[in-house]
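These notes are about the structure you will find just below.
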Amino acid sequence: MLREFKEFIQRGNVIDLAVGVIIGGAFTNIVNSLVNNLINPLLGLFIGKIDLSNLVFKAGGATFKYGEFINTVINFLIIAFIVFLLVKAVNKVMRHNEQQQPAGPSAEDYLKEIRDLLKEKSN
């Protein structure tokens with residue numbers, strides 16, 4: 001079982017996934033900083049408050065922190081947009097690489113060549 005685990009962990013996709021999770025965690029901190037330190041103050045200028053995270057609505061004994069929710073939505077939209085841009089760039093590179101590679105002979109071409117060789121041998 002230890003050998004199987006070692007083979008599993010050494011696969012390229014598992015290591016790539018681990019790197020992606022680590023980079024994603026670090027990237028989340030950058031986006032949080034961007035939202036909290038740059039975007040929120042900018043939005044705060046328009047709505048009259050500097051810190052959106054302090055926006056609350058109290059009803060009875062419940063406190064609704066809708067400012068925190070707005071921060072989270074902004075974080076999500078930024079991350080989703082950046083992931084969209086990354087996927088778009090990767091797809092563009094992949095299409096470019098596919099177009100540059102010369103197309104090899106198809107299976108039909110090989111079959112025609114075999115057929116022609118067999119005809120030559122029988123004559």
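For region 44-67, the criterion of a residue being in contact (Cβ under 8 Å) with a residue 24 or more places away in the chain and of a type outside the set (S, T, N, Q) is satisfied by no position. When Val31 is tested against the conditions (1) of a type in the set (A, V, I, L, M, F, W, C); (2) over 13 Å from Ile78 (Cβ atoms); (3) surrounded by 12 or more Cβ atoms within 10 Å (Cβ to Cβ), the lone failure is (2).
Of the residues making up region 13-49, just one is among the charged types (D, E, K, R) and under 21 Å from Ile70 (Cα atoms), namely Lys49. Once region 54-80 is narrowed to residues that are of a type in the set (Ser, Thr, Tyr) and surrounded by 11 or more Cβ atoms within 10 Å (Cβ to Cβ), the residue that is nearest to Phe27 (Cα to Cα) is Thr72. Does Phe84 satisfy the criteria of being touching a Phe, Trp or Tyr at 6+ places or on another chain (Cβ under 6 Å) and exposed (fewer than 12 other Cβ atoms within 10 Å of the Cβ)? So Phe84 does not fit the description; no.
Only one entry of Ile15, Ile39, Ile30, Ile22 meets the criterion of being touching a residue at least 24 places away in the same chain (Cβ under 8 Å) and at negative phi, and that entry is Ile39.
For region 43-75, residues that are part of a helix (DSSP H, G or I), of a type in the set (A, V, I, L, M) and at pLDDT 80 or above total 3. Would it be correct to say that Asn97 is at pLDDT 80 or above, outside any loop (DSSP other than H, G, I, E, B) and either of a type in the set (S, T, N, Q) or touching a Ser or Thr at 6+ places or on another chain (Cβ under 8 Å) (or both)? Here the answer is no, as Asn97 does not meet what is asked.
The values are calculated or read from the model by the stated rules, or taken from the named source; none is laboratory data. Bear in mind that the values here come from a model prediction, so they are computed numbers and not experimental data. Heads up, the Cβs are rebuilt from the backbone with ideal geometry, glycines too, and the neighbour counts pull from every protein chain shown.
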